[in-house]
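First up is the structure itself, then whatever we jot down about it.
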Amino acid sequence: ETFRTISERDERIGAYLTLNEEGAKNTARRLDDKLASGEERGLLFGLPAGIKDNIVTEGIRTTCASQFLSNFNPVYDATVVRKLREADAVTIGKLNMDEFAMGGSNENSSFHPVRNPWDLERVPGGSSGGSAASVAAGEAYFALGSDTGGSIRQPASYCGVVGLKPTYGLVSRFGLVAFASSLDQIGPVTKNVEDAAYVLQAIAGYDNMDSTSANVDIPDYLSALTGDVKGLRIAVPKEYMGEGVDAGVKQQVQAALKLLEGMGAVVEEVSLPHTEYAVAAYYLLASSEASSNLARFDGVRYGVRAGQSGNLLDLYLESRSQGFGPEVKRRIMLGTYALSSGYYDAFYLKAQKARTLIKRDFDQVFEQYDVIIGPTAPTPAFKLGAQVDNPLTMYLNDILTIPVSLAGVPAISVPCGFSEGLPVGLQIIGKPFDESTVLRVAGAFE
Ligand code: GLN
């Protein structure tokens, strides 16, 4: 049925890059056998899942929406993909994204853009645009996305679905093609909060294949969904409700806060004073890490090879010039510059210091509050093409999601209403490894 919906709708939406029809049929057969034999069913039994195309899948093409990997067939599964299989989910296909997860509108895909199911003239957000659009359009029951600076939460907000970025280290990154390793996290994109809890339950947990995986006990996320927020202390940063945030967005967020107050929560204004440095620090750090991580794409080890007639250097240069799109090149250049000797102290080191200050802002607020709430993005989805010529405005859209990524804390985006007919997302930010409270507050809206 999911494949029928995809064939009806995806020509217009563009969420998928690769479909896994044969594989899905095989899984369905395996699940039928399981049912017949009366074996215990997995947590996500039979649910059709879309996987962002920067998460490797054995034998299913994995492109990162880059020409460089247009012919890349991984020989192993990412840990999250293995876990989904063990939970009896069905992999439907691989989802479109900004190339190597760099972008906020999905317009950096080197294949084709994704359109927002709510308004086909608008972007679905990015970089997990395919993940959010597929769930919103019913082309997947749930999806996995990755979030480095907002790439799960912002598209979820634009497409009116739920997107959860877990605490850094909660979900294994083994098999996630690295963009900025100190920030990247995989998380669920779902229709509702309960589904997010189910998917998180299935994918969270320690993995010795990921050296930054956290060895923590995994709670029962489903039992956190009590709907009870009485006495809960909610902080609203004034920096998240100030200038630059659309009036329509603010209005919906304020209405949501009123609702929580009505349910017995305490809502107070706080300050995260270093918010203004977050975007600059993030683009330096993420690009620096990207310049190092993407060095492995040399035309020899993975993907497409060019310049075979010349020497080895030509092979590298031509493969990289042809394989990477403009935004990826921009980041590699910025990152290489920020890391070069002579500039390291002025840029990379300073950005690291700013990151520490931003993290401390969160620590301080969490001494007195259970969650922090604000909008996920300053505006609803914008029109395709509206920001492609100006990377800086595009970068500034991330102002409300990036600080969370730099601090490594968990956050969810849940739909909280509409502004001018377009969905608005509410961002609920929690203490490290306190996904339970984040889900509980988010669930109170359902
Ligand atoms: N928009 C941000 C960027 O372009 C976030 C990307 C992400 O989270 N993968 O870097």
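Highest mean first, what order results for 107-113, 216-222 on Cβ atoms within 10 Å? Working shown, then result.
Details: 107-113: 20.0, 216-222: 13.7.
With the highest mean Cβ count within 10 Å placed first, the list reads 107-113, 216-222.
Calculate for the chain the 222 nm mean residue ellipticity that helices alone would give, adding -39,500 (n - 2.57) per DSSP H run of length 4 or more and normalising by residue count, nearest 500 deg cm²/dmol.
Details: 14 runs with 161 residues, N = 446.
Result for the chain, helices only: -11000 deg cm²/dmol.
Sorting check: for 406-416, 145-155, 383-393, which peptide has the highest mean count of neighbouring beta carbons within 10 Å, and how do the rest follow?
Working: 406-416: 27.3, 145-155: 32.2, 383-393: 13.8.
Most protected by this proxy first, the peptides run 145-155, 406-416, 383-393.
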Proximal lysines relative to Lys34, as straight alpha-carbon distance under 22 Å, when same-chain residues fewer than 8 apart are discounted: Lys25, Lys83
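Please rank Asp298, Asp98, fewest neighbouring Cβ atoms within 10 Å first, as an exposure proxy.
On the way: Asp298 17, Asp98 32.
Lowest count first: Asp298, Asp98.
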How far is it, in nm, from the label point at Leu392 to the one at Ala255 when both lie 7 Å from their Cα along the line to the Cβ? 3.5
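Run through the DSSP bridge list for the stretch 1-145 and note the antiparallel percent, rounded to the nearest 5. Numbers along the way, then the final one.
Working: 5 of 13 bridges.
Taking every DSSP beta bridge with both residues in the stretch 1-145, the antiparallel ones total about 40 percent.
What number in nm² do you get for the stretch 397-446 if you take the convex hull of its Cα atoms and divide its surface by four? All intermediate terms of the calculation are to be shown ahead of the outcome.
Details: hull surface 15.3 nm².
Projected area, direction-averaged: 3.8 nm².
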Sort Phe179, Phe3 by Cβ crowding within 10 Å, fewest neighbours at the top. Phe3, Phe179
Output the antiparallel fraction of DSSP beta bridges having both residues in the chain, as a percent to the nearest 5. 65
Taking 25 °C and 0.890 mPa s as the conditions, I'd like the Stokes-Einstein D for the chain in µm²/s, using the Kirkwood hydrodynamic radius from alpha carbon pairs. 113
16 Å Cα-Cα reach of Lys350 towards aspartates and glutamates, excluding residues that sit fewer than 8 places from it in its own chain: Glu276, Glu289
Charge dipole (the stretch 185-316, unit charges on Cβ, about Cα centre) - positive-most of Ala306, Leu272, Pro237: Ala306
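Every number in this text was worked out from the coordinates using simple rules, so none of it is lab data. Here the structure is a predicted model, which is why all the values come from computation and not from measurement. FYI the Cβ positions are ideal-geometry reconstructions off the backbone, even for glycines, and counts take in every protein chain you see.
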